[in-house]
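Have a look at the structure below, then the notes.
The values are calculated or read from the model by the stated rules, or taken from the named source; none is laboratory data. Worth saying up front: this structure is predicted, and the values here are computed from it rather than measured. Here the Cβ positions follow ideal geometry from the backbone for every residue, glycine too, while neighbour counts run over all protein chains shown. Please note that ligands, DNA and RNA were not included when accessible areas were found on the heavy atoms of the full protein model with its side chains. Shrake-Rupley method; radii C 1.70, N 1.55, O 1.52, S 1.80 Å.
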Amino acid sequence: MARPALSLPLAGGSSRERWLRALLLALLAAALVSARAPRQRPGDFCTYYAAGRLVLDGHAAAAYDRGALGAAHAAAHGETPHRIGGFLYSPLLLLPAAAVATLPFPAAQAAHRFAGTLLLALGLALVLRRVGAPALELALASAFCLSHTAWTQLIYQNWGIGLFVAVAAAFAAARGGRTLAAGAAWALAGHLKAFLALVAAPLLATRWRRQLAVAALAALLLALLSLPWVGLGAWNAWAASLGGLSARGVTPYYNKVSLAAGLARFAVDPRAWLAPLEPAAVALTRVLLGAGAALLLLAAARLRRDPERLAAAALAAVLLCVPQVWDHTEVLLFAALPALPRRAIWALAGALALSAGYGPLVGAGLERVLRGGLPAAPVAGLLLFYPFLNLALLGTALAAGPRPAEAPDA
């Protein structure tokens, strides 16, 4: 009598087994990322902690004032704290900032890093579950472990991790036809980064429009629920901080990876890549924002019958053309990959795996440039790596067109 075949999580099988396989791979990948990422004082988390202290002190709107934020940071860390950036999220995110700020800083930092590791695993599991091929899932998980963009997540402890989870959840829920869940995930993503509204805009031409209606209502409801804690003043301050972005140009800091930042570096002194003094490429920024809008229209016309692939193309276009995109934000590429043809997933996963060498090459190149031993142009070219990946993803999606299996719009 023949023995029944064993059902192993790594060998395909039922939906439950595929979820288990995705979770196991994702947990392993996130643990390896955490082990690789050095433990140091995370500048972005320090920003959130300082913003949370302001909320607890009854000054939520001051979280959008750089001076007040710096003063709160100094009060928490002594006379000579390192410099921190601004709080760039909607006031809804001041609530978790206040929650972490109730803890002493060392405990808050450790808890935040642990939570970030778990969220990375959740986001990657949601991505892997959409792939449906064990070998490709293993390749994507391996690429995630090796990639520079995943490596940066727990160094900065930036809430781009949450953005990755929200976007991955929106894609996964939409593929499963769960309109309410997808809408809620898009709403949270929009509160984390306002530019996600640009990704959603071309989806109005698809059958996903119902999810966007849910997202708009959910985003409004979340904002209203936050008012008793953060007040209307915080929302006004956040809106003011978003105004005039297209007129500001871009500071060509080496960790910024938008196309505008990449091209601006060819026109400024390389020392500005480390300590930007003022914005550059103002006119170019405006041109690229217009080009991005045109690309979104082209993607909508080409891919409207395949909203998942259209969302992936729109995400690539936005990462390419929005000026203030950082290297850690490129983790969103992993959420977009399962919408592409399988050969393209293999190729782009390989490129992301090779980005393990991106950080060391950039560091060594910057050092040689600043010492006068290397021209600036080759390093500026290397810093176009992420724009090239975004362009490759966008071009692949447009060239492939909608999948024949996709049903017509409802």
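Per the Cauchy relation, a quarter of the hull surface: what is the mean projected area of the convex hull of the alpha carbons in the chain, in nm²?
22.2
So if the hydrodynamic radius of segment 246-296 is defined as the Kirkwood radius over C-alpha pairs, what does Stokes-Einstein give as its diffusion coefficient at 20 °C and 1.002 mPa s, in µm² per second?
For the chosen part, D equals 196 µm²/s.
Please report, ordered by residue number, every helix of the chain (full DSSP H runs) that is 30 Å or longer along its axis going by C-alpha atoms and whose mean Kyte-Doolittle hydropathy reaches 1.6.
Helix filter hits for the chain: 282-303.
For an R0 of 51 angstrom, estimate the FRET efficiency from the Cβ-Cβ distance between residue 210 and residue 32 and round to the nearest 0.05.
Efficiency for this residue pair is about 0.85.
With a probe of 1.4 Å, find how much accessible area the chain has per residue, and write the answer as a whole number in Å².
So the chain comes to 44 Å² accessible per residue, rounded to a whole number.
Quick one: Cα centre-to-centre distance for segment 144-183 and segment 332-410, in angstrom?
Rounded to whole Å, the Cα centres lie 17 Å apart.
Over all alpha-carbon pairs in segment 199-265, figure out the percentage whose distance exceeds 14 Å.
74
Just in segment 77-155: which trypsin sites (Lys or Arg not before Pro) are loop by DSSP and have at most 10 other Cβ atoms within 10 Å?
For trypsin sites (Lys or Arg not before Pro) across segment 77-155 that sit outside H, G, I, E and B with at most 10 neighbouring Cβ atoms in 10 Å, the list reads 83.
Could you check the spin-label model distance between residue 110 and residue 289? Points 7 Å from the Cα along Cα→Cβ, value in nm.
For the pair residue 110/residue 289, the computed spacing is 4.5 nm.
Report the equivalent ellipsoid semi-axes for segment 56-101 in whole Å, largest first, defined as the square roots of five times the eigenvalues of the gyration tensor built from alpha carbon atoms.
Here the semi-axes work out to 18, 12, 10 Å.
In nm, give the distance between the simple-model label positions of residue 71 and residue 232, each being 7 Å from the Cα along the Cα-to-Cβ direction.
Inter-label distance under the simple model: 2.5 nm.
Calculate the spin-label point distance for residue 240 paired with residue 180, positioning each point 7 Å from the Cα along the beta-carbon direction, and give it in nanometres.
Between residue 180 and residue 240, the label points sit 3.9 nm apart.
Could you give the length gained on full extension between residue 368 and residue 16, defined as 0.36 nm per residue of separation minus the Cα-Cα distance, in nm?
121.5 nm
Put +1 on the Cβ of each Lys and Arg and -1 on the Cβ of each Asp and Glu in the chain; which of 45, 62, 401 then has its Cα farthest toward the positive end of the dipole?
Going by the Cα projections, it comes out as 401.
More than 15 Å apart: what percent of Cα pairs in segment 153-228 qualify?
54
What's the long-distance tail for segment 295-410, i.e. % of Cα pairs beyond 20 Å?
48
Of the listed peptides 341-349, 91-99, what is their order by residue-averaged count of other C-beta atoms within 10 Å, with the highest listed first?
Put in order of decreasing packing, that is 91-99, 341-349.
Calculate, in nm to one decimal, what residue 269 and residue 103 gain on full extension: separation in residues at 0.36 nm each, minus their alpha carbon distance.
55.5 nm
Roughly how many percent of the accessible protein surface of segment 311-361 is carbon and sulfur, given a 1.4 Å probe and a whole-percent answer?
The C+S portion of the solvent-accessible surface of segment 311-361 is 72 percent.
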